[in-house]
1. Please work out which residue is farthest from the chain's Cα centre (by Cα), limiting yourself to the stretch 96-107 and to residues that are buried (at least 22 other Cβ atoms within 10 Å of the Cβ) and more than 11 Å from the ligand (Cβ to nearest atom).
2. Only helices (runs of 4 or more DSSP H) wholly contained in the stretch 1-95 count here; list those with 1 or more residues that are more than 19 Å from residue 145 (Cβ to Cβ), among the acidic types (Asp, Glu) and away from the ligand (no atom under 11 Å from the Cβ).
3. Under 7 Å between Cβ atoms, at least 6 apart or on separate chains: pull out the pairs that start in the stretch 13-42 with a residue that is closer than 20 Å to residue 96 by Cβ and end on any residue that is within 13 Å of the ligand (Cβ to nearest atom) and among the charged types (D, E, K, R).
4. Among the residues of the stretch 191-212, which ones are surrounded by fewer than 23 Cβ atoms within 10 Å (Cβ to Cβ) and not β-branched (Val, Ile, Thr)?
5. Restricting to the stretch 127-163, and then to whatever is more than 12 Å from the ligand (Cβ to nearest atom) and charged (D, E, K, R), can you tell me which residue is surrounded by the fewest Cβ atoms within 10 Å (Cβ to Cβ)?
6. List every residue pair whose Cβ atoms sit under 9 Å apart, with the two residues 6 or more apart in sequence or on different chains, where the first one lies in the stretch 92-104 and is among the small types (Gly, Ala, Ser) and the second, anywhere, is surrounded by fewer than 20 Cβ atoms within 10 Å (Cβ to Cβ) and not in a helix (DSSP H, G or I).
7. Within the stretch 164-185, work out how many residues are in a helix (DSSP H, G or I) and either open to solvent by 50 Å² or more (accessible area, probe 1.4 Å) or under 25 Å from residue 112 (Cα atoms) (or both).
8. Could you list all residues from the stretch 194-242 that are over 24 Å from the mean Cα position of the chain (by Cα) and assigned to a loop (DSSP other than H, G, I, E, B)?
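The values are calculated or read from the model by the stated rules, or taken from the named source; none is laboratory data. These numbers were taken from a predicted model, which means no experiment stands behind them. FYI the Cβ positions are ideal-geometry reconstructions off the backbone, even for glycines, and counts take in every protein chain you see. Just so you know, the surface numbers come from the protein's heavy atoms only, side chains and all, with ligands and any DNA or RNA stripped out. Shrake-Rupley method; radii C 1.70, N 1.55, O 1.52, S 1.80 Å.
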Amino acid sequence: MRLERGVLLAGATGVLGRHVLKLLCARGIRVRAMGRNAAALARLGAHECVVADLLEAETVRGCAGGVDAVISCAGAPLSLDWRDRAGFYKVDYLGHLPLIEDALRHRVSKFVYVSLAGAMALRQTEYAQAHERTVTTLAESGLKYTIVRPAGLFHSFREFLRMARMGQIVLPGNGGARTNPIDECDAARACVEALWQDETQLIVGGPEVFTRRRIAEMAFESQGKRPRVIGAPRALFAPVVAGMRLLNRRLAAIAEFGIAVSQVDCIAPKYGERRLGEYLRAAARRSGGGEE
Ligand SMILES: NC(=O)c1ccc[n+]([C@@H]2O[C@H](COP(=O)([O-])OP(=O)(O)OC[C@H]3O[C@@H](n4cnc5c(N)ncnc54)[C@H](OP(=O)(O)O)[C@@H]3O)[C@@H](O)[C@H]2O)c1
């Protein structure tokens, strides 16, 4: 595909989005970075910025005008910040409807959307459901599209560094489920390569498979600490999630997803090259032994 007119990048300020932006720029592709925060967008160094909120459809209209392709790494954050309340159904699904409409209106040649590996096994969770509704909408839209499906991005495991610093990690269940997390930089490469792919799915994982318990142990080891990881019965978490749902639906959905994902193997085809141990050690070093 020719990309002379450039790419609209939604979620450009996010962890994955920032890596995608760098890779696009490195290939000489013009990027229109889209996000909610003008100051954060301006710092990215994109060719062009457009302030738009997926939850305000009128701000999204016209964003895809004059570009060849759209990449969306946008979604409700996985951060544990209580102030951010908009949940996955609203942002990841409903929020993408006006963006897909705009891409159709402007006849873009390709739409790349980021969902997750193993979504079928996790379809009972709001997080996976919201992403998959967007996948279905894209599949039915008539747009040419590719869904990039990463296993857990390395940065998601930084919460383990914080817990390890506090002295203990409690896992739902026995922590025996296996996965191969992928560095965000490698996953970003998949998002960019997807622009030229004919396949509708690109499932990508990292080079090493770990149990979740092993990842928790690595969070301690990266800080030179003796691991203290315990498993707790899943049933213990249910009332906590129910209580959280009353206060912040997004955080409850993260907890629900965290519990579900810790019970199933999620192993994606090997694509990434960077190693989780090195990532955790570097993150721990940068913050003087704790998380960043
Ligand atoms: N983290 C993982 O392990 C993982 C694994 C598989 C798939 N994914 C999916 O991959 C995507 C990117 O993940 P990530 O880890 O890079 O997430 P992230 O760092 O939380 O970035 C999310 C991006 O979405 C933007 N956003 C949120 N709400 C928005 C709204 N209402 N309107 C416009 N933009 C909005 C954020 O902008 P602001 O800067 O304004 O908040 C940010 O740029 C997400 O869909 C995520 O669910 C993540």
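1. 103
2. Because the criterion is at least 1 residues that are more than 19 Å from residue 145 (Cβ to Cβ), among the acidic types (Asp, Glu) and away from the ligand (no atom under 11 Å from the Cβ), the helices (runs of 4 or more DSSP H) in the stretch 1-95 that meet it are 57-60.
3. These pairs meet every condition: 15/184; 16/184; 36/53.
4. Listed by number, the residues that qualify are 193, 195, 196, 197, 198, 199, 201, 202, 207, 208, 210.
5. By that ranking, first place goes to 140.
6. 95/53; 95/55; 95/86; 103/143
7. Summing the residues that are in a helix (DSSP H, G or I) and either open to solvent by 50 Å² or more (accessible area, probe 1.4 Å) or under 25 Å from residue 112 (Cα atoms) (or both) in the stretch 164-185 gives 4.
8. The answer is 223, 224, 225, 226, 227, 228, 233.
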